1. Name the residues in region 9-26 that are surrounded by 15 or more Cβ atoms within 10 Å (Cβ to Cβ) and either within 14 Å of residue 58 (Cβ to Cβ) or more than 16 Å from the ligand (Cβ to nearest atom) (or both), would you?
2. Spot the failing condition for residue 126; the list is (1) over 30 Å from residue 41 (Cα atoms); (2) assigned to a helix (DSSP H, G or I), and only one is missed.
3. When you check residue 101 against the structure, is it part of a helix (DSSP H, G or I) and either crowded, with 17+ Cβ neighbours inside 10 Å or in contact with a helix residue (DSSP H, G or I) (Cβ under 7 Å, 6 or more places away or on another chain) (or both), yes or no?
4. Looking at 29, 13, 70, which one is closer than 17 Å to residue 191 by Cβ, in the same structural domain as residue 180 (by TED's automatic domain parsing) and touching a strand residue (DSSP E or B) at 6+ places or on another chain (Cβ under 8 Å)?
5. Would you confirm whether or not region 154-166 contains a residue that is away from the ligand (no atom under 16 Å from the Cβ), part of a helix (DSSP H, G or I) and within 26 Å of the chain's Cα centre (by Cα)?
6. Filter region 32-43 for residues that are near the ligand (Cβ under 8 Å from one of its atoms) and touching a strand residue (DSSP E or B) at 6+ places or on another chain (Cβ under 7 Å); which is nearest to residue 184 (Cα to Cα)?
7. Give 250, 295 a once-over and let me know the one that is more than 27 Å from residue 36 (Cα to Cα) and either surrounded by 13 or more Cβ atoms within 10 Å (Cβ to Cβ) or in contact (Cβ under 8 Å) with a residue 24 or more places away in the chain (or both).
8. Hey, residue 82 hits all of (1) under 23 Å from residue 149 (Cβ atoms); (2) touching a residue at least 40 places away in the same chain (Cβ under 8 Å); (3) part of a loop (DSSP other than H, G, I, E, B) but one; which does it fall short on?
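The values are calculated or read from the model by the stated rules, or taken from the named source; none is laboratory data. The model shown is predicted, which means the values in this text are computed figures rather than measured ones. Here the Cβ is made from the backbone with ideal geometry for all residues, glycine too, and neighbour counts use every protein chain on show.
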Ligand SMILES: Nc1ncnc2c1ncn2[C@@H]1O[C@H](COP(=O)(O)OP(=O)(O)OP(=O)(O)O)[C@@H](O)[C@H]1O
């Protein structure tokens, strides 16, 4: 598999405040993958993607897109990469339709085709009834969807999406993930996704990079990261109020028990142990005062919390 982006020893020091936002970051984005960049607030994620878009210049190090330096070929970056930024949007004074249409034209698409594609994307993102409203006069979530329509129009081969589902309701979030997944699987679109929404991201991502305090902590496939953290399954039990201490004493006979809430306990078990533990639980439901139990595999959120999810130290 060939690389789309190559990031080499990138360091970014913001002159104002002398803040080291990225510290010697190196990795590659492979063609056709969905790579998620995770990390706490202030970790340096947006700074990194701004540099990948040539909107900010690395203090040292280099970034190439299709083997070309992004700073020297910034126009090509704008043409090949659909960038969805977190900040308020430069197209605020345009209507929703104009914003999508003009973006398509900027990508070199003919007038007639741009109009056709604009219609398709407005419908896909359920913006048809808002198409003649100015971007600055629609809701925050609607603005995000309009921004996504502009990013998607013309199917750029690379997408960089910085928190694409912020402010969206659950149904719209689902719609956005479905579109990202579809573009990746059907068109082979390469996607770099910055998000805090770890549980939702897990549905679509192939690899994960965790950044904290400007440093790349780890980059690997979701499966490898889960194995690295703790491959055991969790058996989570919900108990009647006040039953936790009694249940804990019983469960300790069969393995390690941890409290995860006032009336909730969990046991960690290997795939070979879990059958025995579940059999014991089902045979002792009344004694345990257990109202429900589930078996939960390790999640990307577990990985994130273990490997990088702590709060960035702002004192550096
Ligand atoms: N324009 C700027 N000038 C000075 N410092 C900045 C600037 N932009 C970001 N920073 C600082 O650089 C560090 C990294 O910020 P960045 O926005 O890249 O983090 P992030 O991981 O995207 O955070 P969030 O998840 O909150 O969006 C932070 O300490 C931030 O305060």
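1. If we filter region 9-26 for residues that are surrounded by 15 or more Cβ atoms within 10 Å (Cβ to Cβ), which is where we start, we get 10-13, 19-23, 25.
Correct list: 10, 11, 12, 13, 20, 21, 22, 23, 25.
2. (2)
3. Answer is yes for this residue.
4. So the residue among 29, 13, 70 that is closer than 17 Å to residue 191 by Cβ, in the same structural domain as residue 180 (by TED's automatic domain parsing) and touching a strand residue (DSSP E or B) at 6+ places or on another chain (Cβ under 8 Å) is 29.
5. First, pick out the residues of region 154-166 that are away from the ligand (no atom under 16 Å from the Cβ): 154-159.
Pick out the ones that are also part of a helix (DSSP H, G or I) and you get none.
The answer is no; no qualifying residue exists.
6. Result: 39.
7. Only one candidate passes the filter, namely 250.
8. Residue 82 satisfies every listed condition except (3).
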